[in-house]
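The structure under discussion appears below in the form of C-alpha cells.
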C-alpha cells in the first residue's frame, strides 16, 4: 500500500492523509467512470477535501490519473520463460487470467489517450515490459521491430476484448482465440 | 461534396447553409485538435453561427463528430482481391498509401473512444469493412473469429503508427514492417 511504503513526513500528517484519501478516491472513480467522466470535483468530494488541494498535490487531472492508474503490475515479467509457446502464454496471462480491474484500467487509459501524458505513459509501459525485454531475447533478423510488432498485436487484441466489445462469456471461444492469436504472435517471435 | 449530393430543402436555405458551414468547421477542427480539445463553441464561431444552432442540428458533440469524421472511405474494399498476399496488401494500402487526413481521423476516433457512440461506430466500421467481408471468404476452421482477429491486428498496428508514435520518416523500416506484419496477418488468413 502506498501509505505504508513511504516514510511519513514529520509535521504534515494531515497532508499525507489527504493525499492518501485522494489517491484512493481517484483510483476508484477513474476505474469506475473512465478518465473523461471522472471530475476533479467528484474525486475531491469523495476524498473529503477541497478541489484546490487535489490540484496542489497532483498538478492536474492527467497527473492524478497517471499516479493512480497503472498497467505495470499486470505486464511485469510477461515475456519471461522459454520462447517456445511464448505467444500463447502471454495471451493466457492477459486474456484468461487478468482480473476485471486490469481490464478497466486498460480501458480508462485508452479512453484518455488523446492526452499526450497518457500516450507517453502507455507507450513507455509497453516498451519497458514487452518490446524491450522481448527484443533482447529474439533471434533472427529485425528483433526490435518484431518485438514492437508483437506489442502492437497485443494492444490490438486488448482493444478488441477490453475496450470495444462487451465481456465474452463463452469460455471455449476465448480459449480458441488465445490459441489462434497466440500462433500469430509466435510467428513474429520465431520468424 | 455534402452540399452537392443532398437536395436543398425548399424554404430553408439559411439552415442548409448553416449546417454545411458547421460540418466544414467541425471536420477541420476535430481533425486538427482531436475530440476532447475541440469545443462546440469554437466550431460554432468558425462556422459563424450560435452554439445553440450546432446543438439543434447535430444534437451533441458526439453526434457532430460522427457525422463529420469517418474512416469508411479509407476502409472500403480493403479485403478485396486474391487471399494470397492479402495481409501485405491490406497493410500496403493502410500504412504506405494512406493520407495524413486518414491518420488524423483515426487518431481523433481513438482519442474519443471512451464515448459509447464513438466506440459503437468504430466497431461497426471495422466489422462492415474488414471482419465481415473477410470472414465470408476465409476457408478452414473459425473463419469469423480469424477475421475478427485480423481486424484486431490491424487496429493494433494503426494504434502504434498513428496514435502512439511520431510519424516514421524511415521508408525502409516502414516497408520491412509491412512485410513482417503482413506475414502475421497472412497466417490468420491462411491457417
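Of the residues that make up segment A:133-149, is at least one in a helix (DSSP H, G or I) and modelled with pLDDT under 90? Please lay out each step first, then the result.
Step one: filter segment A:133-149 for residues in a helix (DSSP H, G or I), giving A:133-137, A:143-149.
When the remaining residues are screened for being modelled with pLDDT under 90, the result is none.
No, segment A:133-149 contains no residue that is in a helix (DSSP H, G or I) and modelled with pLDDT under 90.
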- Output the residues belonging to segment B:130-171 that are loosely packed, with under 14 Cβ neighbours inside 10 Å and within 26 Å of residue A:131 (Cα to Cα). B:165, B:166, B:167, B:168, B:169, B:170, B:171
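Any idea which of B:119, B:104 is surrounded by fewer than 20 Cβ atoms within 10 Å (Cβ to Cβ), in contact (Cβ under 8 Å) with a residue 60 or more places away in the chain and under 30 Å from residue A:33 (Cα atoms)? Before you say what the answer is, go through the steps one by one.
Details: B:119 fails: in contact (Cβ under 8 Å) with a residue 60 or more places away in the chain.
The unique qualifying residue is B:104.
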- For segment B:58-89, name all the residues that are touching a helix residue (DSSP H, G or I) at 6+ places or on another chain (Cβ under 7 Å), surrounded by 13 or more Cβ atoms within 10 Å (Cβ to Cβ), outside any loop (DSSP other than H, G, I, E, B) and in contact (Cβ under 8 Å) with a residue 40 or more places away in the chain. B:62, B:64, B:65, B:66, B:67, B:68, B:75, B:86, B:87, B:88
- Only one of A:157, A:185 that is at pLDDT 95 or above, more than 19 Å from the chain's Cα centre (by Cα) and within 11 Å of chain B (Cβ to nearest Cβ): A:185
- Look through B:119, B:128 and report the one residue that is facing chain A (nearest Cβ under 10 Å) and assigned to a helix (DSSP H, G or I). B:119
- Query: Is it the case that residue B:174 is crowded, with 20+ Cβ neighbours inside 10 Å and touching a residue at least 40 places away in the same chain (Cβ under 8 Å)?
  - Reply: no
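The values are calculated or read from the model by the stated rules, or taken from the named source; none is laboratory data. Quantities reported herein were computed from a predicted structural model and do not represent experimental measurements. Positions of Cβ are generated from backbone atoms using ideal geometry, with glycine treated the same way; all protein chains shown enter the neighbour counts.
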